[in-house]
Structure formats: structure tokens, C-alpha cells
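The values are calculated or read from the model by the stated rules, or taken from the named source; none is laboratory data. None of these values were measured; they are calculated from a predicted model. Positions of Cβ are backbone-derived with ideal geometry, glycine not excepted, and every protein chain shown enters the neighbour counts. The accessibility values were calculated without ligands, DNA or RNA, using every heavy atom of the protein model including side chains. Shrake-Rupley method; radii C 1.70, N 1.55, O 1.52, S 1.80 Å.
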Amino acid sequence: MATKQRGRPRSFDRATALERAVMAFWEHGYEATSIADLTRVMGIGAPSLYAAFGDKKALFSAAVEEYGHTYGAFLGRAFAEEPTARRGAGRALREAAAEYTAPGRPHGCLVITAATNATAASADVVADLRERREAHVRAVERAIEADKAAGELPADTDARALARFTAATVQGMSQQARDGATREELEAVAELALRAWP
């Protein structure tokens, strides 16, 4: 005996809608992107948005996760795939120059810029993005410590400071890209930053 389906079937592609939400949050930031903006760019009504994704914070969280698996994945991949922290940093910085200025999408990094002007009402959103950035700093620090232990970097290398410097460079490159810096200009920044590595 066939069971009757409850409700109407979803009339939109969730992956496409989520991608459009990523672009909206990336371009305008968390607070400046309204539910009305989201329903317009996603091509769905508010009831469908809430049914599929929950509230705005839940949708933003899903968008950040999606960004991390797609556009933002290059940073972690560089350190995971390269044999040394120095090579990982070089690849990450050079790829940041390309990724942050890629045509056809917002410039910079969603995780760095999406909540820079948030109010106290969005404190949990700000804290989540801060923790994501701090997790990246810790991952780079671990890679540097591993290279110190393996003799790839001098024993007196300040792993925390070098990881923080590398993250600050990436974050600065994101803002510079949003301000109009070209890929070539950011590649020059990357090369200068790598000179700070021992």
C-alpha cells in the first residue's frame, strides 16, 4: 500500500539556492544581507527558506560551511598537501592572491569579511567566524612546530608568531582584494611575506 506524501515537494534545488546565499553573504556580509535579499537571490519564498535552512543564522552557518568546502578550501589543502610548512605557506599565499581576486565572484574571503561590522545581536556569528580563523592559525602553528621537530626550520623559530604573521598576511590580502588590489599586486605581497620565514 502506497503512503501519501505529506506537503508539497520542494520546488527548488537546495545546492543552487545555497550557492546563491554564499554569494550574497560573501558580497554584502552577514548583517547587511536581509531575508528579503536572500529570498530574491535564492529564487525562493521565505517559507521555503525557513523550511529548508532554518533561520538566517542557520543559513549563514550552512553558507560558511559550503564556502569552507569550496572557495575557502585552498588554505587548509595547501598546508595538508605540501611537504613542509614553508611550502604550504608559499602555496597558500600565492593561491590566496588568485582566489581573492578571481573574476565573477566577490573578492576577498567570506570568513574574514562577512561579520566585520556586526552588532552585539550577532555576537555568536562573529565568535564562530573568529574561531574558524583561530583554528587556521593553530593548524599553521602545528605545521611549523612539526617542521621545527624535523629540522626543517630553526629550533628557535617562534611558531605562534610566524603562524599569526601568516594569518595576518592572508587576512590583509583579503581586504586588499576587496579594495581593488590585483592578483599580481597580491602575489608580490605573498613573496615579500615569505621572506619573513626563516
Problem set entry | Computed helical MRE - 222 nm, the chain, DSSP H runs ≥ 4 contributing -39500 (n - 2.57), nearest 500 | -21000 deg cm²/dmol
Problem set entry | Around R94: net Lys/Arg minus Asp/Glu count, Cβ-Cβ under 12 Å | -3
Problem set entry | Added length on full extension, which subtracts the Cα-Cα distance from 0.36 nm per residue, K57 to D13 | 13.8 nm
Exercise. Can you give the angle from 0 to 90° between the axis of helix 85-99 and the longest principal axis of the chain, with both taken from C-alpha atoms, to the nearest 10?
Worked result: 50 degrees
Problem set entry | P(r), alpha carbons of the chain - 10 Å bins starting at zero, rounded % | 9, 32, 29, 18, 8, 3, 1, 0
Problem set entry | Surface accessible to a 1.4 Å probe, D147 within the full protein complex, Å² | 20 Å²
Problem set entry | Karplus-derived 3J(HN,Hα), 6.51/-1.76/1.60, for each residue of region 126-140, Hz, glycine and proline x | 4, 5, 5, 5, 4, 5, 4, 5, 5, 4, 5, 4, 5, 5, 5
For this session: On a C-alpha basis, how far is the centre of region 42-80 from the centre of region 95-153 in Å? Whole number, if you could?
Result: 16 Å
Exercise. In whole Å, what three semi-axes, largest first, describe the equivalent ellipsoid of region 83-174 built from its Cα gyration tensor (square root of 5 times each eigenvalue)?
Worked result: 27, 18, 8
Exercise. Residue by residue through region 110-116, which ³J(HN,Hα) values in whole Hz follow from phi under the Karplus form 6.51 cos²θ - 1.76 cosθ + 1.60 (θ = phi - 60°), with glycine and proline marked x?
Worked result: 4, 5, 7, 9, 5, 9, 5
Seminar exercise, completed: In the neighbourhood of L186 defined by beta carbon distances under 15 Å, the net charge of the other residues (Lys, Arg +1; Asp, Glu -1) is -3
Exercise. Can you list residues whose amide H is under 5 Å from G29's amide H, if they're 5+ apart or on another chain and H is modeled 1.01 Å from N?
Worked result: none
Seminar exercise, completed: Listed residues A63, A167, A146; largest mean-square fluctuation, Gaussian network over the chain with Cα springs below 10 Å, found at A146
Exercise. Build a GNM of the chain with springs between Cα atoms under 10 Å: which of G88, G180, G172 gets the top mean-square fluctuation?
Worked result: G180
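Over the chain, calculate the relative contact order: mean separation of alpha carbon pairs under 8 Å at least 6 apart, over the residue count, as a percent. Walk me through the numbers before you get to the answer.
Working: 201 pairs, mean separation 45.3, N = 198.
Over the chain, the number comes to 23 percent.
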For this session: Specify the residue with the greatest mean-square fluctuation among T182, T166, T70, computed from a Gaussian network of the chain linking alpha-carbon atoms under 10 Å apart.
Result: T70
